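First the structure, in the form of structure tokens, and then the observations on it.
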Amino acid sequence: MKPKVAFYWCASCGGCEEAVVDLAEDVLAVVEAVDIVFWPVAMDYKLSDVEALDDDELAVSFINGAIRTSEQREVVELLRRKSGAVVAFGACAWLGGIPGLANLSSATSILEFVYRESPSTPDGDGVRPLEETEVPEGRLVLPHFDEDVRTLDQVIEVDYYLPGCPPPASLIAQAVTAIVEGKLPEKGSVLAPDVALCAECPRADTKPEDLKVGAFHRPYEVIADPETCLLAQGIVCLGPATRSGCDAVCMRANMPCTGCMGPTSRVIDHGAKALSAIASLIESRDRDEIAVLAEQIVDPVGTFYRYSLPASLLHRRVDAASATTSGSAKS
Ligand code: SF4
Ligand code: SF4
């Protein structure tokens, strides 16, 4: 019997689903090797098909995207019950990812902006979707929009993590092979090499041992030399603080690493590690000069916590008013 697997998406851009399709002819090998019993984006299975399975009947569920709604919580809890193993697939499921940057705003302020304040919202009645609406035909129900974005393992137990935004095809293929052959590593493992990205970067030889930075530039402000370490050119590259396994694809395209492969196992907070790695390179010891350099990093949260805010020690922004009225915001 082929192992049964499921793919599911939560707060996701669809890129992780695309990555499975990007396996190209290898996707046929995956389809051949496993029995896909649930993949809403690609196949017409229903949730009731999953509900009808025995507990643990699925060998693995690959779940991408962060968790933001009651529907997502309910489906991943169901998949957890039905699965021998759950893989957090991609940066959003593992660390919160790009959707996790919504933790800089409260749920209320997001809904206010989207339905009342955004420039594309017509003036008028301020209509907002309701979670429950009675209509002549019955009761319409929408999922609850949670107060914060959470990582998959802040909601259910996760067995393995596939990093990347999206995960590289080679890592997906290796993970599927390991499942089929029953050779999965220790529970809790991140299915990628546990070394920093600089180790596999083709520019590593040009990164000075005693690298110091006198000014930071955004990628569009300079024409980067395509052979030289980007950090040595003053472009913020998170390679020193980020896990390898992506074949340094961004550096090969003359762009810096933005950290989507997440941290190595020795790091608790990826953003803090990245911030400290970059801050340690500042040449000046003069407070005013350092302040000028800090200003050159115009979006610190988006630079250092782009993929990991919900997983970080910070988790989310809490304003004083909501902290006193709602208690602790983090579960
Ligand atoms: S990890 Fe990247 S590709 Fe995957 S859903 Fe999140 S944003 Fe999209
Ligand atoms: S800092 Fe960036 S460009 Fe430099 S060696 Fe590391 S990954 Fe490559």
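At-a-glance table
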item	result
Criterion (within 11 Å of ligand 2 (Cβ to nearest atom) and in contact (Cβ under 8 Å) with a residue 40 or more places away in the chain) met by exactly one of PRO202, PRO226, PRO193	PRO202
Flag if PRO219 is without any contact (Cβ under 8 Å) to a residue 60 or more places away in the chain, more than 10 Å from ligand 2 (Cβ to nearest atom) and in contact with a His (Cβ under 6 Å, 6 or more places away or on another chain)	no
Qualifying position, being in contact with a strand residue (DSSP E or B) (Cβ under 9 Å, 6 or more places away or on another chain) and closer than 17 Å to LEU171 by Cα, among TRP94, TRP39, TRP9	TRP94
Top-ranked residue in region 241-270 [being away from ligand 1 (no atom under 16 Å from the Cβ) and surrounded by 22 or more Cβ atoms within 10 Å (Cβ to Cβ); ranked as farthest from PRO99 (Cα to Cα)]	MET251
Within region 183-224, considering residues that are in contact with a Phe, Trp or Tyr (Cβ under 8 Å, 6 or more places away or on another chain) and small (Gly, Ala, Ser), the one nearest to ARG252 (Cα to Cα)	SER189
Matching option when the condition is away from ligand 1 (no atom under 16 Å from the Cβ), modelled with pLDDT of 90 or more and exposed (fewer than 13 other Cβ atoms within 10 Å of the Cβ), among PRO185, PRO208, PRO193	PRO208
Matching strands (runs of 3 or more DSSP E) fully within region 35-109 where at least 3 residues are more than 17 Å from GLU157 (Cβ to Cβ)	35-38
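The values are calculated or read from the model by the stated rules, or taken from the named source; none is laboratory data. It should be emphasised that the depicted structure is a prediction, and the values quoted were computed from it without experimental measurement. Positions of Cβ are generated from backbone atoms using ideal geometry, with glycine treated the same way; all protein chains shown enter the neighbour counts.
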